[in-house]
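Visitor: This is the structure, below, for whatever I ask next.
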4 protein chains.
Amino acid sequence: MSDNSLGRSLLMVSFGESHGEAVGVLIEGIPAGTEIDEKRINEWLARRKPSTSAASTKRKEDDSVEILSGVYRGKATGAPFVAIVRNKGYVDDFYSFAEEGWVRPGHADYPAYIKYKGFNDPRGGGRFSARITVGFVIAGAVAEEILKPLRIEVVGYTKSIGSVECPDLDIESARKRYEFETRCPSTEHDALMQEEILKAKREGDSLGGTIRITTGKLPVGLGQPVFSSLDSELAKAYFSIPAVKGVEIGAGFRASKLRGSQNNDIYVLSNNEITTLTNNAGGILGGMTNGQPLIVTIAFKPVSSIYKPQRTVNVKKMEEGILQLKGMHDACVIPRAVPIAEALTYFVFADMALRGGFINER
Amino acid sequence: MSDNSLGRSLLMVSFGESHGEAVGVLIEGIPAGTEIDEKRINEWLARRKPSTSAASTKRKEDDSVEILSGVYRGKATGAPFVAIVRNKGYVDDFYSFAEEGWVRPGHADYPAYIKYKGFNDPRGGGRFSARITVGFVIAGAVAEEILKPLRIEVVGYTKSIGSVECPDLDIESARKRYEFETRCPSTEHDALMQEEILKAKREGDSLGGTIRITTGKLPVGLGQPVFSSLDSELAKAYFSIPAVKGVEIGAGFRASKLRGSQNNDIYVLSNNEITTLTNNAGGILGGMTNGQPLIVTIAFKPVSSIYKPQRTVNVKKMEEGILQLKGMHDACVIPRAVPIAEALTYFVFADMALRGGFINER
Amino acid sequence: MSDNSLGRSLLMVSFGESHGEAVGVLIEGIPAGTEIDEKRINEWLARRKPSTSAASTKRKEDDSVEILSGVYRGKATGAPFVAIVRNKGYVDDFYSFAEEGWVRPGHADYPAYIKYKGFNDPRGGGRFSARITVGFVIAGAVAEEILKPLRIEVVGYTKSIGSVECPDLDIESARKRYEFETRCPSTEHDALMQEEILKAKREGDSLGGTIRITTGKLPVGLGQPVFSSLDSELAKAYFSIPAVKGVEIGAGFRASKLRGSQNNDIYVLSNNEITTLTNNAGGILGGMTNGQPLIVTIAFKPVSSIYKPQRTVNVKKMEEGILQLKGMHDACVIPRAVPIAEALTYFVFADMALRGGFINER
Amino acid sequence: MSDNSLGRSLLMVSFGESHGEAVGVLIEGIPAGTEIDEKRINEWLARRKPSTSAASTKRKEDDSVEILSGVYRGKATGAPFVAIVRNKGYVDDFYSFAEEGWVRPGHADYPAYIKYKGFNDPRGGGRFSARITVGFVIAGAVAEEILKPLRIEVVGYTKSIGSVECPDLDIESARKRYEFETRCPSTEHDALMQEEILKAKREGDSLGGTIRITTGKLPVGLGQPVFSSLDSELAKAYFSIPAVKGVEIGAGFRASKLRGSQNNDIYVLSNNEITTLTNNAGGILGGMTNGQPLIVTIAFKPVSSIYKPQRTVNVKKMEEGILQLKGMHDACVIPRAVPIAEALTYFVFADMALRGGFINER
């Protein structure tokens, strides 16, 4: 719709820069009467905060939502909802290298400088910072509420960090993810992942990983045809999260090596309901839900900000040099990305539910 | 924008059903004066035809474009361009099972039946058939022409079919892809893949595979921020191709296992131009091109239509049964999907070039 | 949404040029199962044909719709609907002056030449011809069908032609409009208007006029807030009809001279239903229907194509000269514009009904 | 695009409610590097403030803009711009009648109550208050800056209030409008209009009027075809201003009574530039600028809030009664609407300039 928007019947426009006045989100299409609870939104925001453990950044993001419009007496009015979180607790001084023209490897600095002719806000990555996902999370909290009549629950968890990979979990086993430091709801793998992160951190390095999204059974037919297929919209959303480099639905890349007779999920009747024996499709056929749980895997590259000195170039002076980053950076963002991926999944589902007439309270 | 549209400054709306009157595409935003050559479009269409070899379907798709609007004396007028290809050479009788209520495993039949309350055209999968990609290919041919001033060339090739995988190729080595039956431009792997396909075919089964997209060096800064990042828009486009189950940019899932110090592409100066020592980013940083070649890998599940009998259900009678498909089906669509993936890549690039003001002839 | 589109939940994209291959429309969002009857569409198209009387052009427009997609067994499938009417019965030779660079006063020729750098199709005005309203009428026929569950009926009639003005009529009196040559359902004024047209025609001149749109009582709350107010969307639609120069809702310009105490429509209860004593609002308050009939008046300038010789310039040679038009032109288009204005009204209502959840069959 | 948005390449989303936390606007598409001066925005906002004279409301709207994103060091960054004005100086108690269910004649209360099921914010009209035009004015200030390279100047003035009408003025004579209490830049008519307003005010009544928008000569070809014609987009924008009931371009309704030979604006050459002898077209042909000044007239109904007691109904109790409004209301909003209409005109021009490639700094 617009460059910074996601969705159609439920539409969010993301705005804000890392070290600007605020980050936030505008949402259109929330059915009038939907409960909007600031406390619940703040709980969502708390989930994307840096952990208190040694494995995460020390930047304090004590984020608290401020709702500017669209809510009256705790309910959505049907008018556009705008909510912001003020930016604070950062230090501009860490970004003098950016003003000088040094571009960080792995970051958006270089293409952003060219595209915006140097007018983009470079502090903390500006518009390209993961800080903007604050707005995604707010939108997810709202979308979760919109979906309540459809009883849709989305659960994400850390599937891998670096070389540590946890086995597949269903929604019941994964639901406790936020009780685990790494958001990997397996005591064993959570511990291994923490070790892996601390090791990378000690070496001034960083790690990537994967997140798995799953749900319970879903209504059949969510998703619109062709370019608005459920998988298209989900992938578009996930690739908007900084550092995402891959998205798989169901068996994904593994499916490319299977035969049709192995990969096709066979339909059967169970208690007079249609179900499938396997779920290689990850719950999506022809761009629509087929009733089975959604299964998505999202790959994140390792954090680009590392403390190790790196070679790079200065785009203003066109010279090479060595850049050593200061400031506070996560060695691994996977745990913090779990609620972000969940939020976007909720949002896409809510948009599709409204587009498809599954919810009609507008 | 709309459910069936892709792009913004250059926008296509896909329409048509497999066994309806025609499939086609409407495109808005073609700069007035862009050359539109029917012959070139037909050459593009010829690339997605079933091959003449034994490995492919026998359905004759002698597709020839018919332009309905937007062109005058061989040039785009600036008005909406509409082009169709008539559907012919199919047999409706093969789809009586659909009318009866039997749904094919792996296909959209079941969710489509629920979503459209039985009003969707079931013949050949209707709107969910790969036949609709005819319109994508027409759009790609137009987009390629729009991009000429930017000298952007997109080359896709078959990276794997079933268990046969070909090594990474750069654009120079891959350019001859259409001289190979499987669109894998390696004589050795092309032969192995053909074997693999024939084997599956003989067994009434089907295969999936992966396609690699690459380019030469690109202008810096193509791609819009956040939800319209280049990777978001590409992924959205690719997931609109039937059977796609995964998309990776650059190192993709492999990147999730690397350290930051390994994955970051180091900037250097070469002949006073900024370049990188590696290309794990696949040419995209912060959702924008960084000047390096685009690298994308797309995973396709095996063709859902197989000749082996399969268990399934009847959604009208709510009973189980065995379904054996007739008709003409590809045992592997990867070779035919290469021009489709290329076309969508060209289209997304052209849209981004217009959005970002790289081309201004509107 | 896009330059050539109208609507959101129901969306049409207009395409085609006057002397190109075809004119037509693509519609997204038609609820699956909506009856699509070619015969009824052709009846709608017949209403915008030139009349057989002396007062109209002699160009034969024997328009017959050809549906290309989105319909199966007479019902909408839920997929995009595309329909065209082939262009025929015109003579290209009349437009050699355009190729030479002469621009017609009152027409789009000059700005179109500049904007499209000479690549636009100049024959018959190309994209700027009233011929493109064929697509609007097709869309109106479809929208009328979508609105059936809400029992919304739209009736337009010729309110004035030149200096002849007919009194205000309610929907009951106006319904017979198509039995009158001028679409003015008053025997007396119809005769006077015909005279006026013949007089202008004899003098090689042309006439404008006004069209009134009305309805019966409407559901309350149709229309979205602010920029998608019902009046905003209607005005946008009407101003897309060539030659429209003014739009009034209800008392319109007359309201600007009233006092608030005169203009406010007083609410009363009648049979326990809320109604108003007057309808200065024309049925719209705050951009939404208030239950009273819609009242709109649309002003059309006189036809720009006249047979009298006119001074003008040649944009290629940059010189002045005299231009005398040939070909077949209506001396007054008001009668033919009545179904066009009705069609757009139906379309906007149907879009609003879908946006607002009044109809949910998607 | 979305219900609350205007424009495409330059897009604003309006948000906020009269007595909510804030009113504001989100703008996408501002070219990076555009100067954004808070002081200038506040000057624009000051123009829509109630006048200090007796003729206007006493509500103090000491509006001061707060920019939340999209600006760095006084220049647009290319990221979404969000700006708000906090709501203050109002008294909620005046709206207890709304909570009780009484609907004000002429206001949106009744349809809004039905559409939003009672969840809309009723205080001060909520989303339907003229207060939301604060965001339009901010957007206009930004758009004016974007248009600077094209030297486009928009001047609006009060053309009539009640029965007092001022003659047509060109841009030079009208430019001093803000030095006049009523924004009618004629000492004589300004005085008469003030009298008219005071008289209505004394009687507890209100007045409507008309606003004329004009410009100097314009670039040729601004405006997109058909549904995005310049007149379509302007009309859509103007009808979004509360109380607008009519829009005319150029000769407007008067043109409907002219002959083609009278109404056609004859092209001539003047200093080797194409110009027209008259400007009945109001500067728009075929939906595009033809180089002549824009001429638009906008009709406003009288203010719906009057102090005279009025009959009305209670929608919760379904009973009739008498309602007498308290609070502070303008007797005539025309003077305050002048900058609002100017702002929207600038905005539409800037959007069209970006859509058409007249400005390419994105």
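The values are calculated or read from the model by the stated rules, or taken from the named source; none is laboratory data. Note that the coordinates shown come from a computational prediction; the quantities given were computed from them, not determined experimentally. A quick note on method: Cβ atoms are made from the backbone with ideal geometry, for glycine too, and the neighbour counts reach across all protein chains shown. Heads up: the accessible areas ignore ligands, DNA and RNA and are worked out on the full protein's heavy atoms, side chains in. Shrake-Rupley method; radii C 1.70, N 1.55, O 1.52, S 1.80 Å.
Visitor: Starting from the range D:122-138, keep only residues that are among the basic types (Lys, Arg), then list their pairs with residues that are part of a helix (DSSP H, G or I) whose Cβ atoms are within a distance under 8 Å, requiring at least 6 positions of separation or different chains.
Guide: Close Cβ pairs satisfying both conditions: D:123/D:92; D:123/D:95; D:123/D:98; D:127/C:226; D:127/D:112; D:131/D:124; D:131/D:125.
Visitor: Let me ask you something else. Which residues, taken from the range A:13-24, are touching a residue at least 40 places away in the same chain (Cβ under 8 Å), within 10 Å of chain D (Cβ to nearest Cβ) and either in contact with an Asp or Glu (Cβ under 9 Å, 6 or more places away or on another chain) or hydrophobic (A, V, I, L, M, F, W, C) (or both)? It would help to see each step written out before you state the result.
Guide: Of the residues in the range A:13-24, the ones touching a residue at least 40 places away in the same chain (Cβ under 8 Å) are A:14-24.
Right, trim to within 10 Å of chain D (Cβ to nearest Cβ) and you get A:14-17, A:19-24.
Scanning the range A:13-24 gives A:15, A:17, A:19, A:20, A:21, A:22, A:23, A:24.
Visitor: Restricting attention to the range C:269-294, which residues are open to solvent by 10 Å² or more (accessible area, probe 1.4 Å), in contact with a strand residue (DSSP E or B) (Cβ under 8 Å, 6 or more places away or on another chain) and part of a strand (DSSP E or B)?
Guide: C:269, C:274, C:275, C:276
Visitor: Could I ask something else about it? Here are some residues: B:328, B:318. Which one is open to solvent by 20 Å² or more (accessible area, probe 1.4 Å) and over 30 Å from residue A:275 (Cβ atoms)?
Guide: Working: B:318 fails: over 30 Å from residue A:275 (Cβ atoms).
So the residue among B:328, B:318 that is open to solvent by 20 Å² or more (accessible area, probe 1.4 Å) and over 30 Å from residue A:275 (Cβ atoms) is B:328.
Visitor: Now for a separate question. What is the one condition in (1) part of a strand (DSSP E or B); (2) loosely packed, with under 15 Cβ neighbours inside 10 Å that residue D:297 does not satisfy?
Guide: Every condition holds for residue D:297 apart from (2).
Visitor: How many residues are more than 7 Å from chain D (Cβ to nearest Cβ) and crowded, with 24+ Cβ neighbours inside 10 Å when one looks only at the range A:77-88? Explain how you work it out, then say what you get.
Guide: So in the range A:77-88, the residues more than 7 Å from chain D (Cβ to nearest Cβ) come out as A:81, A:83, A:85-88.
If we keep only those that are crowded, with 24+ Cβ neighbours inside 10 Å too, we end up with A:81, A:83, A:85.
Going through the range A:77-88 one residue at a time, the tally reaches 3.
Visitor: Going by the structure shown, is residue A:211 under 23 Å from residue A:171 (Cα atoms), within 7 Å of another protein chain (Cβ to nearest Cβ), among the β-branched types (Val, Ile, Thr) and in contact (Cβ under 8 Å) with a residue 40 or more places away in the chain? First the steps, then the outcome.
Guide: On the way: under 23 Å from residue A:171 (Cα atoms): yes; within 7 Å of another protein chain (Cβ to nearest Cβ): no; among the β-branched types (Val, Ile, Thr): yes; in contact (Cβ under 8 Å) with a residue 40 or more places away in the chain: yes.
No, not satisfied.
Visitor: Further question: Taking residue C:345 as meeting all but one of (1) closer than 30 Å to residue C:202 by Cα; (2) in contact with a helix residue (DSSP H, G or I) (Cβ under 9 Å, 6 or more places away or on another chain), write down the number of the exception.
Guide: (1)
Visitor: Still on this model: Of the residues that sit in the range B:140-191 and are within 14 Å of chain A (Cβ to nearest Cβ) and open to solvent by 50 Å² or more (accessible area, probe 1.4 Å), which one is farthest from residue B:30 (Cα to Cα)?
Guide: Among them, the one singled out is B:163.
Visitor: Give me the pairs: first residue in the range D:74-86 and assigned to a loop (DSSP other than H, G, I, E, B), second residue open to solvent by less than 10 Å² (accessible area, probe 1.4 Å) and among the aromatic types (Phe, Trp, Tyr), beta-carbon distance under 6 Å, and six or more apart or on different chains, which are they?
Guide: Listed by first residue and then by second, the contacts come to D:80/A:15.
Visitor: In the list D:346, D:307, D:267, which residue meets the criterion of being more than 10 Å from chain C (Cβ to nearest Cβ) and hydroxyl-bearing (Ser, Thr, Tyr)? Steps first, please.
Guide: Numbers: D:307 fails: more than 10 Å from chain C (Cβ to nearest Cβ); D:267 fails: more than 10 Å from chain C (Cβ to nearest Cβ).
Checking each option against the conditions leaves just D:346.
Visitor: Right, something else. Out of all the residues in the range B:322-362, which are at positive phi and in contact (Cβ under 8 Å) with a residue 60 or more places away in the chain?
Guide: Here is the first cut: in the range B:322-362, the ones at positive phi are B:327, B:357.
Result: B:327, single match.
Visitor: In the range D:39-69, which residues are under 19 Å from residue D:197 (Cα atoms) and modelled with pLDDT under 85? Working first, answer last.
Guide: To start, the set of residues in the range D:39-69 that are under 19 Å from residue D:197 (Cα atoms) comprises D:47-59.
Listed by number, the residues that qualify are D:50, D:51, D:52, D:53, D:54, D:55, D:56, D:57, D:58, D:59.
Visitor: Only one of (1) touching a Gly at 6+ places or on another chain (Cβ under 6 Å); (2) of a type in the set (Val, Ile, Thr); (3) within 26 Å of residue A:286 (Cβ to Cβ) is not met by residue B:220, so which one is it?
Guide: (3)
Visitor: Suppose the filter is open to solvent by 10 Å² or more (accessible area, probe 1.4 Å), modelled with pLDDT of 95 or more, out of contact with any Gly (no Cβ under 8 Å at 6 or more places or on another chain) and at the interface with chain B (Cβ under 8 Å from one of its Cβ atoms); does residue A:199 pass it?
Guide: Numbers: open to solvent by 10 Å² or more (accessible area, probe 1.4 Å): yes; modelled with pLDDT of 95 or more: yes; out of contact with any Gly (no Cβ under 8 Å at 6 or more places or on another chain): yes; at the interface with chain B (Cβ under 8 Å from one of its Cβ atoms): no.
Answer is no for this residue.
Visitor: Which of the residues belonging to the range B:219-264 are more than 18 Å from the chain's Cα centre (by Cα), in contact (Cβ under 8 Å) with a residue 60 or more places away in the chain and either in a helix (DSSP H, G or I) or at the interface with chain A (Cβ under 7 Å from one of its Cβ atoms) (or both)?
Guide: Once the filter is applied, which keeps residues that are more than 18 Å from the chain's Cα centre (by Cα), in contact (Cβ under 8 Å) with a residue 60 or more places away in the chain and either in a helix (DSSP H, G or I) or at the interface with chain A (Cβ under 7 Å from one of its Cβ atoms) (or both), the range B:219-264 yields B:220, B:221, B:224, B:225, B:226, B:228.
Visitor: Would you call residue B:181 closer than 23 Å to residue B:328 by Cα and not aliphatic (A, V, I, L, M)?
Guide: Details: closer than 23 Å to residue B:328 by Cα: yes; not aliphatic (A, V, I, L, M): yes.
When the stated conditions are applied, residue B:181 passes them.
Visitor: Next question. Across the range C:310-331, what is the number of residues that are facing chain D (nearest Cβ under 10 Å), more than 26 Å from residue D:251 (Cα to Cα) and assigned to a loop (DSSP other than H, G, I, E, B)?
Guide: 1
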